[in-house]
Amino acid sequence: MASSSSMVIHEGSSSSSISRWDYDVFLNFRGEDTRKNFTDHLYEALHRVAIRTFRDDGRLKRGEEIEPALLKSIEQSRIAIIVFSRNYASSTWCLKELAKIMECRERMDQMVFPIFYDANPSDVRNQTGDFGEEFDKVKQRANMEMKKVESWEAALRKAANLSGWD
């Protein structure tokens, strides 16, 4: 993954001092599923080849509000890699980030690459199976605004329809 994507990522990078991108890649993932294994390996592989990668790992400055800072980091990334996993849809943070990523894809031509790690692309697309069960729990757990839930469902469908890796 890293070697085939790095060519695309570097083409999107700018060596000039003026760039609208602070990061080459924003990693969107469910920490409890993939942080200590797949995502750490992916991050390290990207880092080794000098790809500026944002992951939620304490990189935010002290005193910054988490949500606005994360959403700004998405906007400042040329590429987003979404790591869909079994419990991904149980996280409102992941879903908020996903909705922002898909908005940036449409508005700013951000490149988006989904990875299906222990998650079936069809289950992500249709919110079915184990993935759908986790998503249903999120909807039931809080009194979610219908508009927000619909935006998450649309973002899941759009992202799962992109060519990616499983």
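Could you pull the accessible area for SER151 with a 1.4 Å probe, rounded to 10 Å²?
Around 50 Å² of this residue is reachable by solvent.
Please report Rg (one decimal) and Dmax (integer) in Å for the Cα set of the range 23-161.
14.4, 44
Per residue, how much accessible surface does the range 23-161 expose to a 1.4 Å probe? Answer in Å², no decimals.
Details: 7020 Å² over 139 residues.
With all protein chains present, the range 23-161 gives 51 Å² per residue.
Per-residue counts of other Cβ atoms within 10 Å, averaged by peptide: what ranking do you get for 109-116, 34-41, highest first?
Details: 109-116: 18.9, 34-41: 15.9.
Highest mean packing first, the order is 109-116, 34-41.
Could you order GLU106, GLU153 so the one with the most accessible surface comes first? Probe is 1.4 Å.
Ranked list, largest accessible area first: GLU106, GLU153.
Quick check for you: which residues of the range 105-120 have the amide N under 15 Å from the point 7 Å beyond the Cα of ALA45 toward its beta carbon?
Inside the label zone: 113-118.
So if the hydrodynamic radius of the range 80-166 is defined as the Kirkwood radius over C-alpha pairs, what does Stokes-Einstein give as its diffusion coefficient at 20 °C and 1.002 mPa s, in µm² per second?
Values: Rh = 12.7 Å.
Result for D is 169 µm²/s.
Of the peptides 24-31, 96-103, how do they stack up when ordered by the mean number of other Cβ atoms within 10 Å, highest first? Walk me through the numbers before you get to the answer.
Working: 24-31: 24.0, 96-103: 22.1.
Answer by packing, highest mean first, reads 24-31, 96-103.
Could you size up the charge dipole of the range 23-161 around its Cα centre, putting +1 on the beta carbon of Lys and Arg and -1 on that of Asp and Glu, and report it in debye to the nearest 20? Write down the numbers at each step before the final one.
Values: 24 positive and 24 negative charges, 61 e Å.
It works out to roughly 300 debye.
Any idea how far apart GLN140 and ARG52 come out in nm if each label point goes 7 Å out from Cα toward Cβ?
Going from the GLN140 label point to the ARG52 one covers 4.4 nm.
Would you mind working out the magnitude of the charge dipole of the range 82-166 relative to its Cα centre, with +1 at each Lys and Arg C-beta and -1 at each Asp and Glu C-beta, to the nearest 20 Debye?
Working: 13 positive and 14 negative charges, 56 e Å.
For the range 82-166, the charge dipole is close to 260 debye.
The values are calculated or read from the model by the stated rules, or taken from the named source; none is laboratory data. Everything quoted here is computed from the prediction, not taken from an experiment. Neighbour counts run over all protein chains shown; Cβ positions are idealised from the backbone, glycine included. Note: accessible area is taken over every heavy atom of the protein model, side chains too, but ligands, DNA and RNA are not part of it. Shrake-Rupley method; radii C 1.70, N 1.55, O 1.52, S 1.80 Å.
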